[in-house]
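The values are calculated or read from the model by the stated rules, or taken from the named source; none is laboratory data. Predicted, not measured: the structure shown is a model, and the values here were computed from it. Neighbour counts run over all protein chains shown; Cβ positions are idealised from the backbone, glycine included. We work out accessible area using only protein heavy atoms, side chains counted, and drop any ligands, DNA or RNA first. Shrake-Rupley method; radii C 1.70, N 1.55, O 1.52, S 1.80 Å.
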Amino acid sequence: LTTPARRWTAIWCLLLLTSDALAYTLGGLGHNNLWVSYLFMPLEGATVLWALSCWYAPGTGRLTLRLAAPLFVLVSAVLTLTVEDPRATSLVVAPFHGLVLLLAALWTFLHRGLTGHERLMRQDWFWVVGGFMLVTGTSTPFQPIIWYLVNAGQLDVVNAVFDLKAVADIAAFAAIARGVVCPLPYTSSGGDSSPPFSPLGSSSAPSVSRW
């Protein structure tokens, strides 16, 4: 965990682990545990936004994501208190979280991919941000789909959806783990794991594969 981005990613994983452990414990005791996700989702989302900001050079991109983090928490709280029932499946807050984080991760992935010139598969951001996109992309429609299937009485399909989500999460966290532990090819003064890059182009030979 040698860079700020990796450390914030690890904090996000710890929040997920804490949330899952608390929900599992409450469920085992026969208590409603759906409120746990409403409590942790804003914190997890803000942590992802901050981690993504660490893969930007100081400037507009980094500042935008860091300003978005507290705003994300505020909007989540407002939606939870005014629209949702924390004791029931989330039909608004969870999709909102997933969509915002998916767009932020996609923006970061494209920004680094289009403006950098390093070999992609050797960069931590390639794996971690790709994992973020997979997690958030599958999480965005997940709870509404489950709500619909449960109310339609299609419990066998519910189990299949949970299985597919589990497979996607395993793949996503495998990618994230790969990014967090991969060697650092460069050292930068800002602590990020990739070298400074310029949108003006590179003098490197175009025949060199970025993969």
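Are any of the residues in segment 46-69 surrounded by 16 or more Cβ atoms within 10 Å (Cβ to Cβ) and closer than 15 Å to Gln143 by Cβ? No; the residues of segment 46-69 include none that is surrounded by 16 or more Cβ atoms within 10 Å (Cβ to Cβ) and closer than 15 Å to Gln143 by Cβ. For Leu49, indicate whether it is in a helix (DSSP H, G or I), in contact (Cβ under 8 Å) with a residue 12 or more places away in the chain and not β-branched (Val, Ile, Thr). Judged against the criteria, Leu49 is a match.
If only residues of segment 121-153 that are touching a residue at least 12 places away in the same chain (Cβ under 8 Å) and outside any helix (DSSP H, G or I) are counted, the one that is least open to solvent (accessible area, probe 1.4 Å) is Gln123. For segment 8-53, a tally of residues being aliphatic (A, V, I, L, M) and closer than 20 Å to Leu71 by Cα returns 10.
Screening Val93 with (1) crowded, with 22+ Cβ neighbours inside 10 Å; (2) in contact with a Gly (Cβ under 9 Å, 6 or more places away or on another chain) gives one miss only, at (2).
Would you mind stating whether Thr18 is closer than 26 Å to Pro144 by Cα, more than 15 Å from the chain's Cα centre (by Cα) and among the polar types (S, T, N, Q)? Even if it seems obvious, please write down each step before you answer.
Values: closer than 26 Å to Pro144 by Cα: yes; more than 15 Å from the chain's Cα centre (by Cα): yes; among the polar types (S, T, N, Q): yes.
Here the answer is yes, as Thr18 does meet what is asked.
Among the residues making up segment 21-38, those that are within 19 Å of Ser76 (Cβ to Cβ) and without any contact (Cβ under 8 Å) to a residue 40 or more places away in the chain are Leu22, Ala23, Asn33, Val36.
Within segment 39-64, can you find the residues that are more than 21 Å from Leu14 (Cα to Cα) and of a type outside the set (Lys, Arg)? Selection gives Tyr56, Ala57, Pro58, Gly59, Thr60, Gly61, Leu63, Thr64. Here Ile176 passes the criteria (1) open to solvent by 50 Å² or more (accessible area, probe 1.4 Å); (2) among the β-branched types (Val, Ile, Thr); (3) at pLDDT 90 or above except the one numbered (1).
For segment 101-120, which residues satisfy the criterion of being surrounded by fewer than 18 Cβ atoms within 10 Å (Cβ to Cβ) and over 20 Å from Val48 (Cβ atoms)? Even if it seems obvious, please write down each step before you answer.
If we filter segment 101-120 for residues that are surrounded by fewer than 18 Cβ atoms within 10 Å (Cβ to Cβ), which is where we start, we get 103, 106-107, 110, 113-115, 117, 119-120.
Once the filter is applied, which keeps residues that are surrounded by fewer than 18 Cβ atoms within 10 Å (Cβ to Cβ) and over 20 Å from Val48 (Cβ atoms), segment 101-120 yields Leu114, Thr115, His117, Arg119, Leu120.
Of all residues in segment 1-46, none satisfies the criterion of being among the hydroxyl-bearing types (Ser, Thr, Tyr), within 18 Å of Pro86 (Cα to Cα) and either touching a Lys or Arg at 6+ places or on another chain (Cβ under 7 Å) or not in a helix (DSSP H, G or I) (or both).
When you check Ala168 against the structure, is it outside any loop (DSSP other than H, G, I, E, B), at pLDDT 90 or above and open to solvent by less than 40 Å² (accessible area, probe 1.4 Å), yes or no?
Details: outside any loop (DSSP other than H, G, I, E, B): yes; at pLDDT 90 or above: yes; open to solvent by less than 40 Å² (accessible area, probe 1.4 Å): yes.
So Ala168 passes the test.
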